[in-house]
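First the structure, in the form of structure tokens, and then the observations on it.
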Amino acid sequence: MKSQTSRLPTCEIITIGSELLLGQIEDTNTVYLAHEMARLGIAVRFRTSVGDRLNEMRQVIRGAMDRCAMVIITGGLGPTLDDLTREAVSKVAGVDLEYRQDLMDEIAAMFRQYGYDMPENNRRQAYVPAGSYAISNPVGTAPAFITEIAQKPVICLPGVPRELKYLMTHAVIPWIRKRFHLADHLVSYHVLKVVGLGESAVDRVIRDLIRPGKNPEVGLLASQGEIKIRIAAVAEGEKGAAALIDPVVAEIRSRLGSKVFGQGDDTLEGVILSLLHQRRWTLSVLETFTGGVIGERLSNGPHSSWLVQSCMIADPDRLREYVGRETVVPEPKAALASARRMREKAGADVGLAVVGAFQENQGAHLTVTGCAAASGEGIHKTFAWEMGGDRLSLRIRGAVIGLNTLRLALLKR
């Protein structure tokens, strides 16, 4: 028996426009389309951009049809001579363009609605490849269309993001569901968030679970200081999806333990503030080289009222004055003393200190020697590190290390 994923179609997204290749505009359409296809359970295998040259457009479309079961094209449906998507698709399909009076009437009505006279060249937008399914565009002047070539749909959409999203929601997605019998399929995702391990380390721990093309499918996404583990399953109904996903989630959690700090939309600061809220504990924070990143993240999180003081001091002399001479050196004993002093000065239940010093190397490369410490009743946790990079990334990574040190201290307590 074939798996459900083997019965689902594959897709290639083609964006058309020389302005994309010149870097003059940012391609947000592909990101949106890839996300919507993933929600349907359709795997986007390729993403291609091509300029406004008819022969190159034809080559790209033919190649996409050889590779995938469905092609989505955005752009090139305007009224000017360099809008050639209609011509390119008709050439690949081996049919002529046909004039559609109903589309012309809709385009003319759009101009009248806004009080403009329609330019003659907008008549080009009323042509589609013969035999195509035309899709009215009530939010613009470029109708969309779907042309079946060798039993594979080529879906052509305007490049204006607002128009594209409207047509996808109201016409194209329902059409795709019906065309590929996806009405009963549910694509479910579960995201686990990991801190304290790099991408390669996470990969070593769960490598045997990462099997591309399987159902469920496990993948990794790395960002500064955080790794996301995405478990995706295609099933018929929520119970079927849960039956596939839940055992994998349980296995990953058992292997990574406290390295998993949350799931879904959880944030590191949100988890910490929730732990403080559950215990009715207040927090004070001192940070140096991280430039106030920790305080900002905690201030914007849920239950932020449990943060009673956040202090960012970069100047060594002010640091001595504020928390004592012994705390200037970024080493565990001194950092713990800083955390304890901050807690006492603010009258908080828990103190966190993240201290460190930048050292300049050749070029723009910096090294930071840092130490994080959490102090409270029954809480004495420190972590020291040294790493290199640019100033911003070192601040962000240092803030993550400091927050995670606090999280682990709260969990242990």
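Every number in this text was worked out from the coordinates using simple rules, so none of it is lab data. Just so you know, these numbers come straight off a predicted model, no measurement behind them. Neighbour counts are summed over all protein chains in view; Cβ atoms, including those assigned to glycine, are modelled from backbone coordinates with ideal geometry.
Look at the dipole of the chain built from charges on Cβ: of 224, 248, 59, the Cα furthest out on the positive end belongs to 248.
The fewest-to-most ranking of 214, 381, 239 by surrounding Cβ atoms within 10 Å reads 239, 214, 381. Put simply, when 28-40, 261-273 are sorted by average Cβ atoms within 10 angstrom per residue, most first, you get 261-273, 28-40.
Each residue in 221, 394 was given a count of other beta-carbon atoms within 10 angstrom of its own, and listing them fewest first yields 221, 394. Simple spin-label estimate for residue 223 and residue 380 gives 3.7 nm between the two label positions (7 Å along the Cα-to-Cβ direction from each Cα). Quick check on the stretch 268-412: take the gyration tensor over C-alpha atoms, sort the square-rooted eigenvalues as a ≥ b ≥ c, and tell me if it's rounded (a/c under 1.5), prolate or oblate. Here the stretch 268-412 falls in the prolate category.
Fewest neighbouring Cβ atoms within 10 Å first, the residues 369, 85 line up as 369, 85.
Just need log10 I(q)/I(0) for the stretch 1-154 at q = 0.15, 0.18 Å⁻¹, Debye formula, equal scatterers on the alpha-carbon atoms, no solvent, rounded to two decimals. Those come out to -0.83, -1.14, one per q. Assuming a ≥ b ≥ c are the square roots of the Cα gyration tensor eigenvalues, decide whether the stretch 226-315 counts as rounded (a/c under 1.5), prolate (otherwise, with a/b larger than b/c) or oblate. It comes out prolate by the Cα gyration axes. Relative intensity of the chain on a log10 scale, I(q)/I(0) at q = 0.06, 0.13 Å⁻¹, equals -0.39, -1.03, per a Debye sum over C-alpha point scatterers of equal strength in the absence of solvent.
Please give the calculated 222 nm ellipticity per residue for the chain, where each DSSP H segment of at least 4 residues contributes -39500 (n - 2.57) and the sum is spread over every residue; nearest 500 deg cm²/dmol?
-11500 deg cm²/dmol
Stokes-Einstein diffusion for the stretch 186-263 at 25 °C, viscosity 0.890 mPa s, with a Kirkwood radius from C-alpha pairs, works out to 195 µm²/s.
Entry note, the chain: relative contact order of 10 percent, from Cα contacts under 8 Å with a spacing of 6+ residues. Sorting the segments 105-111, 12-18 by their mean number of nearby beta carbons within 10 angstrom, highest to lowest, gives 12-18, 105-111.
Quick one: of 152/239; 165/193; 259/381, which pairs are farther than 26 Å apart, Cα to Cα?
152/239; 165/193
Contact order for the stretch 56-122, expressed relative to its length and based on alpha carbon pairs under 8 Å spaced 6+ residues apart, stands at 27 percent. Of all DSSP-defined beta bridges confined to the chain, some 65% are antiparallel rather than parallel. For the stretch 129-143, backbone phi angles converted through the Karplus equation (6.51, -1.76, 1.60; θ = phi - 60°) give residue-by-residue couplings of x, 4, x, 6, 8, 8, 10, 4, 10, x, 10, x, 9, 9, x Hz, Gly and Pro being listed as x.
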